[in-house]
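Q: First, the structure itself, so that you have it in front of you.
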Amino acid sequence: MAEAGAPGPICRFYLEGRCHFGARCRLPHPGAQAEPQPGPQSGPEGKKPSMKTAQAVIDRIRWDPHLDPGDFSVGYLDRFRGVQEEPFTAFCWDEELAALGPGVMAVPQHRIRYFRHRGRLVWDRASRTDLVFGSAEGRGTTILDGLAAAGAPGEDGPPGIVSSALEDSRLRSESLCPSSSTEPELKTKHSTSAHQGLRPTHFVALMITEPELREAVARAHARLIEAEASMGSSLVGLDALHLTLVLLRLAGPGEVAAAARALRCLVRVPSFHYPMALHFQNLACLDHRVIYSIPSPDLEDLAHTLAQGLKAEGFQVMEPSAEELGPHLTLAKLPRGTPGHLSLPEAEEGAELGSQSVEGFQLCSLRGLQGARGCYSVLAQVPLGPSTQPRALS
C-alpha cells in the first residue's frame, strides 16, 4: 500500500518529450520550468476593455478648461458623401437634434467616426483608439499627457494651454490687437495672461462703416506707406476696421445664438447708455508694432457693462487685465512673428480721422478673416433700438 502523500508516477510522455499538456498535465514533470501564468483577462469572459463614448469626448472638449474647442475637428459619416471632417465649433452640441432648424450643423453620436486635436487623431471608433481619456487602446494616455508632451503650441494654430512663463515672454515681444492677421485683442507689453492660456472664440465689436471715416483711414494708410513702403503688408483692411468691446469663449452655434439674444436684451434695458457717435483723432504707436487710435468718448464703461451683463447670463467672458488698452481702432499691426517695426511720422500724431455713428454692435467669430476683402465673419447683428438711451457726446 502506497504511503499517503507519496508522489505519483512520472508522466512517461514527458520522459519521451511528447507530452502536449505541459503544466496542465495531471502527472508530474520533474525538472520542467514553470510556464508563465496568463495575465488577468481584460474583462468578463475575455471581453475587450470598454471605450469612452463619443458623447463623453464631446462633453470633455466643451467643458474641460484646459482644452480649446477650436483645436478639435470631427470626422463623421455622411450618408451621401461618405466620411467628412469639420471643425468642432461648427456643430451645435447643446440642443436635441429634433429641436434644430434648417441650416444648423449637427450630427448623431453614432455617425461620429473620429476626433482630431491639432491634426492628430485622438479618438477613433474603428481602431478603438482613445487618447482623450486613455480608455480601450489608449492604454492610459490622456489628452493632457499629449499637451504636456507637445509643449508650447506653434504659431500656426490657437494653443489649448500655454505656460505662464511662455505667455509672459510672448506678450513682452508682441502686442495682441485687432488686425487682418490676428485676433482682435491688444495688450500692453507689461500685461500677462489673465485667462490661463485659454483663447476667445468670438467677440462683440463695433464695426467701422462710415464712408468718410474709412476714406480718412485710407488716406492715413497712404501716408504711412509713403513714409515707409514696407508698411503696406501691416495695414488693416478697411472692411476689417472695428473696435473690440468684449471677448467671449462660446462652444458652438447654440451658445452663439444664446449670446446674441442676451446682447439684444442687454441693450434694451432702460439703464443701458451709449454715445451717439465716436470721434477719432490722435494716432499712437505701441511698441513699434501697432498703430491705433482711441475714440472719444472712450468705450471702457460701455464694454464693462456689456461684459458684466453677459457674464451674469452665464457666458464665459475673457476679461481684460488692468494694463490692457480699452476699445480702440487699429490701423496697422505687424503680423505675429514678423521682423521689423512700425513707426508713426510726427505729422500723423494729431491726424484727424473722423466720426462713426453708433447704431448697433456685431457678434463676430474669431475663426479668421473671410473672403477676398478681408472682413470678419459677423454672426449676429445687435441693433440699438428706440428703447435704448443714447448719451450725448461731452
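Q: Using per-residue counts of other Cβ atoms within 10 Å, averaged over each peptide, order 64-71, 246-253 from highest down.
A: Working: 64-71: 19.0, 246-253: 22.5.
The densest-packed peptide leads the list: 246-253, 64-71.
Q: In sequence order, what are the phi-derived ³J(HN,Hα) couplings for the stretch 102-113 according to the Karplus relation 6.51 cos²θ - 1.76 cosθ + 1.60 with θ = phi - 60°, rounded to whole Hz, with x for glycine and proline?
A: Values, residue by residue: x, x, 9, 7, 8, 8, x, 4, 6, 8, 6, 9 Hz.
Q: Using a simple charge model, +1 on the beta-carbon of Lys and Arg, -1 on the beta-carbon of Asp and Glu, nothing else, what dipole does the stretch 202-383 show about its Cα centre, in debye to the nearest 20? Display every interim value, and only then the final one.
A: On the way: 13 positive and 20 negative charges, 165 e Å.
Magnitude of the dipole: close to 800 debye.
Q: Ignoring any ligand, DNA or RNA, what whole percent of the accessible area of the stretch 63-105 comes from carbon and sulfur when the probe is 1.4 angstrom?
A: 55 percent
Q: Once you charge only the Cβ atoms, +1 for Lys and Arg and -1 for Asp and Glu, what is the size of the charge dipole of the stretch 94-149 about its Cα centre, to the nearest 20 debye?
A: Here the stretch 94-149 has a charge dipole of around 320 debye.
Q: Also, I was wondering about something else. Find the relative contact order for the stretch 88-128 and round it to a whole percent, using C-alpha pairs within less than 8 Å whose residues are 6+ positions apart. Intermediate results must be reported in sequence, preceding the final value.
A: Details: 27 pairs, mean separation 10.8, N = 41.
Computed value for the stretch 88-128: 26 percent relative contact order.
Q: Whole-Hz ³J(HN,Hα) for each residue in the stretch 14-29, computed from phi via Karplus 6.51 cos²θ - 1.76 cosθ + 1.60 with θ = phi - 60°, x for glycine and proline: what do you get?
A: The phi angles translate into 5, 5, 8, x, 10, 7, 9, 8, x, 5, 7, 5, 6, 9, x, 10 Hz.
Q: Between the alpha-carbon centers of the stretch 284-320 and the stretch 68-105, tell me the distance in whole angstrom.
A: 32 Å
Q: At a probe radius of 1.4 Å, what is the per-residue accessible area of Val378, in Å² to the nearest 10?
A: Accessible surface of Val378 is approximately 60 Å².
Q: Another one. Near the amide H of Asp94, under 5 Å away, which other amide H atoms are found, from residues 5 or more places off or on another chain, if H is placed in the peptide plane?
A: The list, which skips near neighbours in sequence, is Gly254.
Q: Pairwise over distinct Cα atoms, reciprocal of the mean inverse distance: report the Kirkwood radius of the stretch 54-146 in Å, one decimal place.
A: On the way: mean 1/r = 0.0731 Å⁻¹.
Final number for the Kirkwood radius of the stretch 54-146 is 13.7 Å.
Q: May I ask you to derive the relative contact order of the stretch 54-146, considering only C-alpha pairs under 8 Å and at least 6 residues apart, and to give it as an integer percent?
A: Working: 136 pairs, mean separation 19.8, N = 93.
Relative contact order of the stretch 54-146: 21 percent.
Q: A follow-up question, please. Once all Cα-Cα distances of the stretch 202-383 are split into 5 Å bins that start at 0, what whole-number percent is in each one?
A: Taking every Cα pair in the stretch 202-383, the percentages come to 1, 7, 16, 19, 20, 16, 11, 6, 3, 1.
Q: Which cross-chain or sequence-distant (5 or more) residues have an amide H under 5 Å from the amide H of Gly237, H modelled 1.01 Å from N in plane?
A: Ser180
Q: Sequence-distant or interchain residues sharing an amide H contact under 5 Å with Thr129, placed H: which?
A: Under 5 Å from the amide H of Thr129: Asp124.
Q: What ³J(HN,Hα) values, in whole Hz, does the Karplus curve 6.51 cos²θ - 1.76 cosθ + 1.60 give for the stretch 236-251 when θ = phi - 60°, with x put for Gly and Pro?
A: 7, x, 4, 6, 9, 5, 6, 10, 8, 9, 9, 9, 10, 10, 10, 9
The values are calculated or read from the model by the stated rules, or taken from the named source; none is laboratory data. This is a predicted model, so every value here is computed, not measured. Reconstructed Cβ throughout: ideal geometry from the backbone, glycine too, with neighbour counts over all protein chains shown. These area figures cover heavy atoms from the full protein model, side chains too; ligands, DNA and RNA do not enter into them. Shrake-Rupley method; radii C 1.70, N 1.55, O 1.52, S 1.80 Å.
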